[in-house]
1. Considering only the stretch 180-195, state which residues are in a helix (DSSP H, G or I), within 16 Å of Leu244 (Cα to Cα) and open to solvent by less than 50 Å² (accessible area, probe 1.4 Å).
2. On the given criteria, is Tyr46 open to solvent by 20 Å² or more (accessible area, probe 1.4 Å), under 19 Å from Asn113 (Cα atoms) and of a type in the set (Ser, Thr, Tyr)?
3. Tell me which of these Asn133 doesn't satisfy, since it passes every other one: (1) modelled with pLDDT under 90; (2) more than 25 Å from the chain's Cα centre (by Cα); (3) of a type outside the set (D, E, K, R).
4. Where residues in the stretch 200-242 are out of contact with any Gly (no Cβ under 9 Å at 6 or more places or on another chain) and among the aromatic types (Phe, Trp, Tyr), which of them is nearest to Arg189 (Cα to Cα)?
5. Among the residues in the stretch 14-36, are any more than 30 Å from Asn213 (Cα to Cα), part of a loop (DSSP other than H, G, I, E, B), open to solvent by 10 Å² or more (accessible area, probe 1.4 Å) and not polar (S, T, N, Q)?
6. Among the candidates Glu231, Glu204, Glu214, single out the residue that is surrounded by fewer than 17 Cβ atoms within 10 Å (Cβ to Cβ), farther than 13 Å from Leu169 by Cβ and at pLDDT below 85.
7. In the stretch 159-179, which residues are open to solvent by 50 Å² or more (accessible area, probe 1.4 Å), under 16 Å from Ile219 (Cα atoms) and part of a loop (DSSP other than H, G, I, E, B)?
8. Can you tell me how many residues in the stretch 94-109 are out of contact with any helix residue (DSSP H, G or I) (no Cβ under 8 Å at 6 or more places or on another chain) and either open to solvent by less than 60 Å² (accessible area, probe 1.4 Å) or free of Cβ contacts under 8 Å to residues at least 40 places away in the same chain (or both)?
Amino acid sequence: MKHSANNKKFYFEIHIDVVKFTDLNYRFYFDLIDEKGEILLKSISYTYKIDCQKVIKSVLRNSTKEDRFKIEPLSNGKFRVYLRAVNGEIIAESPNYLDTKEEAINLIKNLKNLSLKTPVIDKTKTMKDSNNNKKFFFEIDKNKDNFFSYFYDRFYFKLKDEEEGKIYLKSDLYTNKTDSQNWINSVIRNSKNEDRFGVIQTYEEKWIFYLRNENGQIIAVSPYYFDTIVEAINFIEDLKSLSLKTPVVDNTK
């Protein structure tokens with residue numbers, strides 16, 4: 001594996017990393033890839049995509065300084081390259097073991113060709129999945145699906161899109177309508193914070209997400225199954241457009 005061509009073309013890719021058994025069970029990471037598709041550098045995982053994007057800029061700044069690189073010999077006789085920030089923190093490393101120290105040195109020389117014009121491809125978004133213009137509305141309804149609904153009312157809300165009428169969020173049942181309205185406001189507030197969402201893979205290998213409030217209580221769940229985690233996360237991005245002006249339709253009147 002040679003890394004001596006000074007005219008190599010590089011690009012970054014941002015990906016989603018599924019992390020099980022955590023509150024927010026997905027993270028973002030990036031790869032630096034050459035024109036042959038080989039991964040030259042890899043980052044750790046970050047909670048927020050914006051942190052991932054910031055570290056890419058840090059890679060661009062620090063890759064021009066040779067003293068920010070470290071070549072580490074491994075017990076199997078191979079080598080690994082690390083890139084550090086100005087404070088000494090490792091911000092990226094070579095995921096593949098390099099056979100010789102010369103290959104490691106050549107990799108470092110080639111990485112000095114990175115610039116602010118190095119492309120960044122966001123693999124967490126696609127034209128199919130992303131719809132920043134999606135318009136939503138809430139509906140408040142009475143529950144009519146169980147035996148107890150004949151004796152007392154239970155209220156809940158749904159979040160639907162205007163185009164297809166598809167339900168994307170659904171609440172628990174509440175004893176009075178005012179609670180339902182209050183929790184709608186809570187959804188609007190908390191949808192601005194990415195760390196209030198969690199994503200779960202079902203037994204059918206589909207994806208759903210839930211939204212929590214400041215106390216960690218789940219306030220709404222997506223009844224709709226997404227085919228990929230990318231679709232689910234992109235929809236979470238779309239929910240940031242919710243505001244106090246989002247229409248609320250009361251079907252109980």
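1. Ser180, Ile184, Ser186, Val187, Ile188, Asn190 - these are the residues of the stretch 180-195 that are in a helix (DSSP H, G or I), within 16 Å of Leu244 (Cα to Cα) and open to solvent by less than 50 Å² (accessible area, probe 1.4 Å).
2. On the way: open to solvent by 20 Å² or more (accessible area, probe 1.4 Å): yes; under 19 Å from Asn113 (Cα atoms): no; of a type in the set (Ser, Thr, Tyr): yes.
In short, no.
3. Result: Asn133 fails condition (2) only.
4. Taking the stretch 200-242 first, the residues out of contact with any Gly (no Cβ under 9 Å at 6 or more places or on another chain) are 200-208, 213-217, 219-242.
Next cut, among the aromatic types (Phe, Trp, Tyr) only: 203, 207, 224-226, 235.
Values: Tyr203: 31, Trp207: 23, Tyr224: 22, Tyr225: 24, Phe226: 24, Phe235: 16 Å.
That would be Phe235.
5. Step one: filter the stretch 14-36 for residues more than 30 Å from Asn213 (Cα to Cα), giving 31-36.
Narrowing the set further to residues that are part of a loop (DSSP other than H, G, I, E, B) leaves 35-36.
Now drop any that are not open to solvent by 10 Å² or more (accessible area, probe 1.4 Å), which leaves 35-36.
Right, trim to not polar (S, T, N, Q) and you get 35-36.
Looking through the stretch 14-36, at least one residue is more than 30 Å from Asn213 (Cα to Cα), part of a loop (DSSP other than H, G, I, E, B), open to solvent by 10 Å² or more (accessible area, probe 1.4 Å) and not polar (S, T, N, Q).
6. Values: Glu231 fails: surrounded by fewer than 17 Cβ atoms within 10 Å (Cβ to Cβ); Glu214 fails: at pLDDT below 85.
Answer to the selection: Glu204.
7. The answer is Asp172, Leu173, Thr175, Asn176.
8. Kept after step one, since they are out of contact with any helix residue (DSSP H, G or I) (no Cβ under 8 Å at 6 or more places or on another chain), are these residues of the stretch 94-109: 95-97, 99-107, 109.
Remaining after also requiring either open to solvent by less than 60 Å² (accessible area, probe 1.4 Å) or free of Cβ contacts under 8 Å to residues at least 40 places away in the same chain (or both): 95, 97, 100-107.
Residues in the stretch 94-109 being out of contact with any helix residue (DSSP H, G or I) (no Cβ under 8 Å at 6 or more places or on another chain) and either open to solvent by less than 60 Å² (accessible area, probe 1.4 Å) or free of Cβ contacts under 8 Å to residues at least 40 places away in the same chain (or both): 10 in total.
The values are calculated or read from the model by the stated rules, or taken from the named source; none is laboratory data. Worth saying up front: this structure is predicted, and the values here are computed from it rather than measured. Cβ atoms come from the backbone with ideal geometry, glycine included; neighbour counts cover every protein chain shown. Just the protein is used for accessible areas: all its heavy atoms, side chains included, with ligands, DNA and RNA removed. Shrake-Rupley method; radii C 1.70, N 1.55, O 1.52, S 1.80 Å.
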